[in-house]
Amino acid sequence: MKRCYPWLMAVMGMLVLLVSNGLIITGLTVFDESLLKAFDWSRGELKLRDLITLVLAGWLGPVVGVLIDRFGPRRLILFGLALLAALYYAYANLHSLGQLYLIHVGFAVVLVAAGLNVAVIFVSQWFEARRGTAIGVALVGTSLGGMVFPELGVHLLRNMDWRNAFMWEMAIPVALLVLAWLVLRSPRAGGIQPLGADEQAVANRAAAATPMLPDLGYGAALRTRTFWALAVVAMATFYAILAVAQNLFLYMRDMGHAPAAAGNALALMFGMAMVGKFGFGLLADLFPPKRVFLLNLAIMLAGAMILASMQSQLIWYSLVLFGLGWGGLYALIQLQGINAFGLSAAGKILGTITLFDATSAGVGIWLTARIHDATGTYQPAFVLVAGLVVVALLAATVVRDERAAQAAANT
C-alpha cells in the first residue's frame with residue numbers, strides 16, 4: 001500500500017485536473033448554442049466570460065505559492081471543488097449577462113485553487129523519484145477533460161434542457177470533493193514517504209560531484225532574448241489554441257455538422273493533444289529539444305492553415321495536426337524554459353510567461369467571437385490564428401540555452 005499510495009495521489013491529481021479544466025475550459029462550449037438561443041446574446045458578449053476567467057486566473061496565479069504555504073494544496077483543492085459545484089448550480093439558475101460574468105470570476109478562483117499549478121505541486125511532493133512520470137500522469141487530466149465533458153454535455157442536452165444538464169454535471173465535482181476529502185493526503189514524517197525518498201540523498205551526493213552550468217536569476221532571465229522569444233511563442237500559440245477550442249463547437253454547427261459531430265471534433269482535438277504531450281516529450285528526450293520544438297510548431301501551423309481554408313471535408317485533418325501541435329507545446333515551452341534558465345527561478349520565469357499567455361488566450365476566445373459577429377464567418381479569425389502560429393515559429397528560432405551562452409561569454 002505504501003508503494004502504491006504516491007501513484008494514487010498522481011491519479012487523484014489527474015482527476016482534479018480532468019474535472020476543473022474539463023468543466024471550465026472545454027465542457028461549457030457545448031452549451032453555447034443553447035445559451036445564445038435562450039438569452040439572445042451576441043457571441044462576443046457570451047465569450048467575454050472566458051476572457052474574464054483566463055485573464056483573472058493568470059493574474060491570480062502568482063499568489064498560488066503564498067496560498068499553498070498558508071493552507072496547503074489539499075485544502076485549496078477541496079475549496080476549489082466545492083466552489084466549482086456551487087458555480088455550476090449558479091449556471092443552472094442563470095438569468096442575466098452580469099450573473100454570467102460573476103460566475104466566471106468564480107471560475108478563475110477555481111482554476112487557481114484546483115487548477116494546474118496546485119495539482120502539479122501536490123503530486124510533486126509525493127515523488128522524489130519518477131516525478132516527471134507522475135506529473136505526466138496528472139497532466140493527462142487536462143486532455144481527458146476536453147475529451148469527456150463535451151461528449152457528456154452533448155448527451156445530456158439530447159435528453160434534457162440546458163438548466164437540468166448543468167444540475168447533473170454539478171454532481172461530478174461534488175462526488176470528487178467527497179473522494180478527495182477521504183483520500184487526499186500530504187506526506188508526513190513518520191507516515192508514508194514520497195516515492196524514492198531514500199534514494200534521493202544518494203543521488204544528491206552524486207549530483208554535487210558533477211559540474212553544472214549556473215542557473216540564471218529572474219532579473220537576468222528577463223534581459224535575455226530567449227525569455228521574450230518564449231513569451232511571444234506562448235502568447236501567440238495560446239491565443240490560437242483557445243481561440244479555436246472555445247469556438248470550435250459553434251464553428252462546426254455553422255458548417256452544418258450535428259451536435260454529436262461537433263462534440264466529437266472537440267474530443268478528437270483534445271485526444272490528439274494528449275498524444276502530443278507524450279509523443280513530443282519522448283522525442284525531446286531522443287533528439288535536440290529545439291528541433292523538436294520547431295517541428296511541433298510546424299505541425300501546428302499546418303493544422304491552422306488547413307483550418308483557415310474553411311473546407312468542411314478537411315476539418316478533421318486540421319484538428320489532428322492542430323491538436324498534436326497543441327499537446328507538444330504544453331510540455332515543450334516549459335522544457336525550453338527550464339533548459340535555458342535552470343530551475344532556481346523557474347517558478348517566477350514560467351509564472352510570468354503564464355501571465356502573458358493566459359491574457360492572450362482570453363483575448364483570443366473573445367476576439368474570435370467578435371470577429372464572427374462583425375463578419376458572419378470565422379475565416380478572418382482563423383487566418384489570424386494561422387498568422388500568429390507563423391510568428392511563433394519565427395520567434396522559436398532564436399531560443400537558445402542562455403546558461404551555456406552566459407558561461408561561454410564569461411570564459
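None of the figures in this text is laboratory data; all of them are computed from the coordinates on show. These figures come from a predicted structure and were not determined experimentally. Here the Cβ positions follow ideal geometry from the backbone for every residue, glycine too, while neighbour counts run over all protein chains shown.
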If you split all Cα-Cα distances of the chain into 10 Å bins from zero, what percentages do you get per bin, shortest first? 5, 22, 33, 26, 12, 3, 0
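Helices from the chain with mean Kyte-Doolittle at least -0.5 and a Cα length along the axis of 30 Å or more, per DSSP H: which?
Helix filter hits for the chain: 131-159, 162-183, 225-254, 259-286, 315-341, 346-375.
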Could you tally the net charge around Leu28, taking each other residue with its Cβ under 12 Å from the Cβ of Leu28, Lys/Arg +1 and Asp/Glu -1? -2
For segment 134-189: rounded, prolate or oblate by the Cα gyration tensor [a/c cutoff 1.5]: oblate
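Please report the net charge: other residues with Cβ closer than 15 Å to the Cβ of Met252, K and R +1, D and E -1.
Net of charged neighbours comes to -2.
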Final fewest-first order of Phe122, Phe356 on the 10 Å Cβ neighbour count is Phe356, Phe122
Tally Lys and Arg at +1 and Asp and Glu at -1 over the other residues with C-beta under 13 Å from the C-beta of Thr375: what net charge comes out? 0
So if I take the centroid of the Cα atoms in segment 287-340 and the same for segment 364-411, what is the distance between those two points in Å? 12 Å
Segment 1-209: relative contact order in percent, alpha carbon pairs under 8 Å with at least 6 residues between: 39 percent
Normalising by the residue count of segment 211-411, find the relative contact order in percent from Cα pairs under 8 Å and 6+ residues apart. 40 percent
Could you work out [θ]222 nm for the chain from helices alone, using -39500 (n - 2.57) per DSSP H run of at least four and dividing by all its residues? Round to the nearest 500 deg cm²/dmol. -27000 deg cm²/dmol
